[in-house]
C-alpha cells in the first residue's frame, strides 16, 4: 500500500516549564525519519535543572493510544485505583508517569505511533514499517543534547509488544528494555490462537482504542464511550486538520479486516510483522502475568526464552492487567534494573553475571479470590535458575472414557469414543470434562503444558470442506469441590490456562530447535495445511499456555475439551462466522479411545524440595 501524504505540516512545538511538578514539558516535538518526509511527533518531559547542559537517560514509549490523552480520560475507573505515586496530570494509559520518573532523573519521551495521534503517515500497527519509525525515535533520543545517549523502553501491553520488535533491530543508544505484559509473537500470542482467529478482542481494541485515534480523523476531541472500560476518548484534533474519509481508509491497514482475511504466517500481512527475537542483545526484564491466559503471557515467557541477551530476566506476577505496573514494589524493580543499565548504578547486581536469579516465580497457592490485590500479596515468590524450571517432572495424566484423569494409562482393549457438538460458544458451550482423583499430596504445577488427543468429526454436511477447532482449558478444584478462579486481564475470574488448535494446522515442525516434547513447534504456514476428512481419526498435540498452581492435598485438576470458548474467555473470544463458518465446522466432534489411541495431558510437576 502506498502511504498517503498528510496536509502541509505545521510546527506547533510548545514548551511549558512546570516547577510544581519538577519538569519541563515539550509538546509536539517532531522527530524526522530516515525513510519518510513525515515526522513522528512526541511529547518530551525533562527534569528541571539549574544546569542548562544537564543530560539524562531517556525512557521512551511508542504506541497508538494518544500521547495527549490523560489516563483519567482514557480509563477513569482504572486511574482512580493507580498507586498515587504515579497519578499526575501527565499520566497516560499503560505508560510510565513523567512526574515520577523525571524526579528520579530520567527524561521521558512519549511518541504517537505513525498514522495515529499527531503523527502523520500509514497506520499499520506492529508492522515492520512502524517499527522502523520507532527505531528512528530511539536513535533521535540518544542524540539529543539533553540525553546521556542511553535509552530504555518501559511500558505495558502494546507499549511492551512494540519493544521486542524495535530491540531486535538494535538501534543506537538502546540500553535496556522492560516489556511488561507484552506479546512477542503477533500471530501465535494475539491474533490466531492455534490458527483460530481471536476476533472479539481485536474488534474491541481496534474500534475503541486505535481507529478512533487515527491521524486526521474528524471529531476525535468530542469522542465519548461508556465509562466502563478503556477507550481513546478526547484525543486532541489533528494539528493539520481533518482528512476525508476515503483518504483515512486508504491510509490504514484495518486489523479487523486484515486478520480475518489472512490465515497463515506466510501471508504477506503476517509476514510483514515478523522479526527475530533472537536478535535482541540489550538487557531484558520480561514481566509475565499468570492471569494473561489469552493475550500476553505466552509472549513474555517465550520472548525471554529466545532473546539473545546476555542479561535477561523473567518475572511472573499476578493481578489485573492495568495496575501492577504501578505498584510500589514493582516500580522499585523497574527502577533498579534501569538504573543498572542506563545510569551505571547497579545496587542489586543485574549487570553481574549470576548475581541475580534469572527467574522469579509467583506461586498461586491458596484460595484468595480474584481481583483483590491485597490478598494476592500473600502469594509467595521463589527464585529459579532457569526457565523452564530444570527439575520439572513432566507427568502424563491420561484422559479416560469415563471422564477421569488418571496417572496410569487405561487399558486400550476396547474402542470407545466421547462425542460433543461442534461450534459451541460462550453462551452455549459444548464441553467434555476430565477430572483427576484428589491429589494425595500438595502438588505444584509450573511450566508449559501439552495435550495429546485423538479426534475426528462427523460433519453436518460431508459434501462441504470441513475442519475441527479444539478449545482446551485447565481448571483447579479445591478439596471442597469448589473451582478456584484467578485474576484475569480485566479483573474477571479465569481458570488456570487455555489452549487451542485448528486441526488442519496440526503439522508439527519437530526438526525445529524450538520444538520440545512439552512445547510443540508449529509454523502455521499455508504449505503446512493438512486435510481433515469425515470419520478419520487424527492424533494431535495441543499447546496450552504456561501456568502455575499449587494444588493442595485433596484438590483436583480438570481438563476441559470444548468446541468453542468457555468460562474465562471474557472479551478474548473466537466467534467469527467468517473464520468459523457453520458450513465448515458444524457437526459432532469425537475423542477416540482404544489400542494405540492414548489421550493425555502432560503437566509440569515440580517435585517438593
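Bear in mind these aren't lab numbers, they're just calculated from the coordinates by the rules spelled out. Note that the structure is predicted; figures quoted are calculated from it, not measured.
Some notes on this structure:
- Seen against the Cα atoms of the chain and their longest principal axis, helix 158-167 is set at about 80 degrees.
- Share, in percent, of DSSP beta bridges within segment 393-606 that are antiparallel, nearest 5: 95 percent
- Debye intensity ratio in log₁₀ form over the Cα atoms of segment 393-606, taken at each q of 0.11, 0.15, 0.17, 0.18 Å⁻¹: -0.53, -1.01, -1.30, -1.44
- Estimated 222 nm signal from helices in the chain, with DSSP H stretches of n ≥ 4 weighted -39500 (n - 2.57), rounded to 500: -4000 deg cm²/dmol
- Equivalent ellipsoid semi-axes - Cα gyration tensor, segment 437-557, angstrom: 32, 18, 14
- Distant alpha-carbon pairs in the chain (separation over 39 angstrom), percent: 30 percent
- Helix 128-143 vs. the chain, principal-axis angle (Cα, 0 to 90°, nearest 10): 40 degrees
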